[in-house]
1. Restricting attention to the range A:1-22, and to residues there that are within 20 Å of A:ILE71 (Cβ to Cβ) and within 13 Å of another protein chain (Cβ to nearest Cβ), which single residue is farthest from ligand 1 (Cβ to nearest atom)?
2. So, B:LYS280, is that one buried (at least 19 other Cβ atoms within 10 Å of the Cβ) and within 12 Å of another protein chain (Cβ to nearest Cβ) or not?
3. Please find, within the range A:48-70, the residue that is surrounded by the fewest Cβ atoms within 10 Å (Cβ to Cβ) out of those that are assigned to a loop (DSSP other than H, G, I, E, B) and either within 11 Å of ligand 1 (Cβ to nearest atom) or at the interface with chain B (Cβ under 10 Å from one of its Cβ atoms) (or both).
4. Applying the selection to the range A:24-42, what residues are in contact with a Lys or Arg (Cβ under 8 Å, 6 or more places away or on another chain) and within 14 Å of another protein chain (Cβ to nearest Cβ)?
5. Output the residues belonging to the range B:63-82 that are in contact (Cβ under 8 Å) with a residue 40 or more places away in the chain and open to solvent by less than 10 Å² (accessible area, probe 1.4 Å).
6. Just checking, does the range A:23-41 include any residue being away from ligand 1 (no atom under 14 Å from the Cβ), at pLDDT 95 or above and either open to solvent by 10 Å² or more (accessible area, probe 1.4 Å) or not charged (D, E, K, R) (or both)?
7. Mind checking which residues of the range B:37-55 are open to solvent by 60 Å² or more (accessible area, probe 1.4 Å) and farther than 12 Å from B:ASN88 by Cβ?
8. If you scan the range B:590-626, which residues turn out to be of a type outside the set (A, V, I, L, M) and not in a helix (DSSP H, G or I)?
Amino acid sequence: MTYAYLFKYIIIGDTGVGKSCLLLQFTDKRFQPVHDLTIGVEFGARMVNIDGKQIKLQIWDTAGQESFRSITRSYYRGAAGALLVYDITRRETFNHLTSWLEDARQHSSSNMVIMLIGNKSDLESRRDVKREEGEAFAREHGLIFMETSAKTACNVEEAFINTAKEIYRKIQQGLFDVHNEANGIKIGPQQCISTSVGPSASQRSSSEIGSNSGCC
Amino acid sequence: MNFLRGVMGGQSAGPQHTEAETIQKLCDRVASSTLLDDRRNAVRALKSLSKKYRLEVGIQAMEHLIHVLQTDRSDSEIIGYALDTLYNIISNDEEEEVDDVEEENSTRQSEDLGSQFTEIFIKQPENVTLLLTLLEEFDFHVRWPGVKLLTSLLKQLGPQVQQIILVSPMGVSRLMDLLADSREVIRNDGVLLLQALTRSNGAIQKIVAFENAFERLLDIITEEGNSDGGIVVEDCLILLQNLLKNNNSNQNFFKEGSYIQRMKPWFDVGDENSGWSAQKVTNLHVMLQLVRVLVSPTNPPGATSSCQKAMFQCGLLQQLCTILMATGVPADILTETINTVSEVIRGYQVNQDYFASVNAPSNPPRPAIVVLLMSMVNERQPFVLRCAVLYCFQCFLYKNQKGQGEIVSTLLPSTIDATGNSVSAGQLLCGGLFSTDSLSNWCAAVALAHALQENATQKEQLLRVQLATSIGNPPVSLLQQCTNILSQGDKIDRRGSKIQTRVGLLMLLCTWLSNCPIAVTHFLHNSANVPFLTGQIAENLGEEEQLVQGLCALLLGISIYFNDNSLESYMKEKLKQLIEKRIGKENFIEKLGFISKHELYSRASQKPQPNFPSPEYMIFDHEFTKLVKELEGVITKAIYKSSEEDKKEEEVKKTLEQHDSIVTHYKNMIREQDLQLEELKQQISTLKCQNEQLQTAVTQQVSQIQQHKDQYNLLKVQLGKDNPHPGSYSDATQVNGIQPEEVGRLREEIEELKSNQELLQSLLAEKDSLIENLKSSQSSAGTNELSSATASAQDSEQIAELRQELATLKAQLNSQSVEITKLQTEKQELLQKTETFAKPAPASGESEAVAAAKTADAEGRLSALLQETKDLKNEIKALSEERTAIKEQLDASNSTIAILQNEKNKLEVDVTDSKREQDDLLVLLADQDQKIFSLKNKLKELGHPVEEEDELESGDQDDEEDEDEDDGKDQGHI
Ligand SMILES: Nc1nc2c(ncn2[C@@H]2O[C@H](COP(=O)(O)OP(=O)(O)O)[C@@H](O)[C@H]2O)c(=O)[nH]1
Ligand SMILES: [Mg+2]
């Protein structure tokens, strides 16, 4: 299983918003309705394909509780991407985004790609946060945004992949030092990096981001 | 004291100065002197006193030293001294070395001292944070003592210090940077620091792993030469072990990071006898243990099996098996390798199959399993090695029905090698079972029990095994022989504990008989067995016999619980009455309870590995403890139950069985229907494919017809223009007059065909959705067994519907092919008409010849026209040949649709050719026209009719011959 790149992700956000379920849906393609509290940090991995390149995603799912915050902070520096998750049926999880974002910005490298995720989109009847609000928050803070459902798997794949596309685009633009593993990026074994990927490729990947809101 | 005096400078140090005063003076200088040099010297003096006067320096100087760390950061030298001093105060390491001769008492005291000073130091968590920032200092004099001090703090009060580091921002991450230090001393001590940091703290272990520790450590191990490396390799391995042991998240990360592959070269030790240094043995030992951490039976099953898979795929298992079969490997490495191989294969079929195929490089080659079993039943082998082999054998058979079958089959009459050349696993086990070494008895009995574990087939198969005893006596069954030995156990002289032999045999019998009524019947059939068991249980024997009594009770209980009442004299009820009369229910249950109350029982129930400190502890097998847990309760219940209850239960059982069989029946039905569905789906897809191909064929035909039409029209126009003769012209119009009609009709038919096809496709779509429905209803039937009956009824209805539709579909396809045939016949007709169209040409040639006789002018024209006609005829001939070929190809396409696709390509080429030829023809015609025109002019101008007439006549004759040939050919084709 060789890969062109390896990206490290972390998943953050209040407890109960569905971080662990998102990871499970992405790595195992299943949903676990029973709430299993994450203690500390759990690991998961999967291979994805972007622009014909195999990319290995290593994902650390963190515990949302305040008591684990200091542990979570240890993971920002080494991550290339972060999924910041809130629950569209619980406004307080949306209200806490600012504090999460501050934490992330303070402890991560400036290039970390952050994807804002409004999860549980299947519970439309109990919606408490409008999609537009999520979009506005993302726009304001320069994040990518998506609504997902870890239950129906809607947009889960896309959320992880679009984050990877954005990281890949930043690599193409030379914003990441791919030789410094501390950035959460690693070049696969026996890979030579071609930085000369045409502008069309990077444009395409960026235009695809955010346009994928099909099912939610 | 000389040194001290020097440090104190000019001050007169009187003899009354005690150490405490000196230290106090030094502390004052550290605290109050404004000169850095002065302070530095004082701290240096404290450092030199700190080993000998640990308590005094610790008490008096600690706060001053911490103050130095806070305020004098710019001077690395003074910081270095302060850190060294603190290290001396806090660490116990040096003390232990110095105090070799002193009593334990003092060591304990100094340990207390270390932890007390640690407590004082970390009371202010900022002190630890301060230390962490000092570690960022690159200067060797700061970093090195800093690393050592922090390591000491962690060793003294691990959990507290870990907690402080965990909450200080990037605390753990910064310590990880030590592994990248170019100075080996710091890197190596960094490894020790991380060892202390990660000890029993999952959260820190994960952060360290996240910070790429695996990669770094594996790199260091590789750089240092794997197992040939020094103690730093061992330290790295221990750190890896800290990170992975009982940490599922990290294990998963390790596996996903493809680091298992990097372990393989560790075991590349092979046969090269490059010597086995003590360090190498230690390194390899930890390496093996690290492999075991990843595949430990106590890990979550999914995690272990994915590691097992990776270990086979990267060749690690194969490498380990090479060590297993190599010579000159130290015994403890060999033992640990066997244990490791055991856990790499345990419960994972692919690896178990591979292991079964491994051969020892002996002559002739023997299976590794046989070679290992030889060691197990060999008294001269070390005890731990024999235990390891037993474990390996157990792991090989764990959840491996195939392997169990293979082992048992080596005992069956049909497969025993009569030549006696090669010894089999079965023979070795039997040998062990009945040898005079009680350890061998126990191991062989347990090994054999594992060949039967959860495998009803093998339990029955083993009943067939017959043993030849002494010459002249009839063979005796294996089951019989086991009970024989059991009952006369005391009489045989054995080495080792007699209990072991009997416990082993009883465990084997209990495993054998449980869940196997036929084996119970065989056992009860020997009329000596029940009296023996009741005798054993009833007797009032000493404490050491209690376990055997318990096992006898269990065996009797099993004989009741799994009794199918097929033996009149030993029916359930009778056996229970026997217990009541001879032993008493209460007594029986009490004896039964002896097993799980035994002191060694709970130990064995924890882990599958037979890991005993010495041979006397070898009593229980792990799998057997599971069996006891499973049966103790149910047997107790069965004994207490009245006969009425028994009967009732029997009835319930029967109905349950009936119910089970009904369910099985429906399950089978569903399975069959599933298959049918699959078949139907396949048929549909074939039909779809056929439809598509037919459609292409039809399109092709349409375009060909169009082409023909165009060609005819072109020819017609050409002929009409060049040949004004009314007869031939009208003939041509007649022929061509029919053609458009024909084509129109063909088109209509094609339209019809198309619409038919559309109909078919919509039917296909309908069917597809029907299959979807069927599938979903089937799966819902699967989840609810009770509703399976109705569901499958529905299914069969739907299948019937589906079949009917398939029939319609087929019928439609048939009618379609009929229509295609019709279409072809019509095309053939068309071709024939084309032929008729071709025939009038010679006739018109003849009439031209008559006209030529009248005038020379006309003759010239005629000859030219004849020439043209000849060319045209050739063209027509070629075209009709082509058409014939096309027709043949279409015929073929109707019979085999697959070929049609190829034919289509061929046809395309042909058509292109014909187009090209047609183009050529047009050019030729234009050419001829030009020629005729110029000839006419020439004739008019020059007037040499005789010469040209000769030429024309000869050309005419040639023409006629050609035409005859053409006709013959054409007729042959049609
Ligand atoms: N309906 C619905 N429930 C979800 C979804 N994602 C998670 N949940 C539920 O929300 C709860 C919390 O999920 P969990 O993944 O443990 O949250 P975490 O604390 O962020 O890791 C669980 O009971 C999940 O079953 C979703 O997309 N839709
Ligand atoms: Mg969670």
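The values are calculated or read from the model by the stated rules, or taken from the named source; none is laboratory data. What you are looking at is a predicted structure, and each value in this text was computed from that prediction instead of being measured. Glycine gets a Cβ as well: all are built from the backbone with ideal geometry, and neighbour counts include every protein chain shown. Heavy atoms of the whole protein, side chains included, go into the accessibility calculation; ligands, DNA and RNA do not. Shrake-Rupley method; radii C 1.70, N 1.55, O 1.52, S 1.80 Å.
1. Checked the range A:1-22; the qualifying residue farthest from ligand 1 (Cβ to nearest atom) is A:LYS8.
2. No, not satisfied.
3. Restricting attention to the range A:48-70, the residues satisfying the condition of being assigned to a loop (DSSP other than H, G, I, E, B) are A:51-52, A:63-65.
Cutting the leftovers down to either within 11 Å of ligand 1 (Cβ to nearest atom) or at the interface with chain B (Cβ under 10 Å from one of its Cβ atoms) (or both) gives us A:63-65.
On the way: A:ALA63: 21, A:GLY64: 23, A:GLN65: 14.
Residue satisfying both the conditions and the ranking: A:GLN65.
4. Within the range A:24-42, A:LEU24, A:PHE26, A:THR27, A:THR38, A:GLY40, A:VAL41 qualify.
5. Let us first name the residues in the range B:63-82 that are in contact (Cβ under 8 Å) with a residue 40 or more places away in the chain, namely B:66, B:69-70, B:73, B:76-81.
Of everything in the range B:63-82, those that are in contact (Cβ under 8 Å) with a residue 40 or more places away in the chain and open to solvent by less than 10 Å² (accessible area, probe 1.4 Å) turn out to be B:LEU69, B:ILE78, B:ILE79, B:GLY80.
6. no
7. B:ASP37, B:ASN41, B:ARG44
8. B:HIS598, B:GLU599, B:LYS607, B:PRO608, B:GLN609, B:PRO610, B:ASN611, B:PHE612, B:PRO613, B:SER614, B:PHE620, B:ASP621
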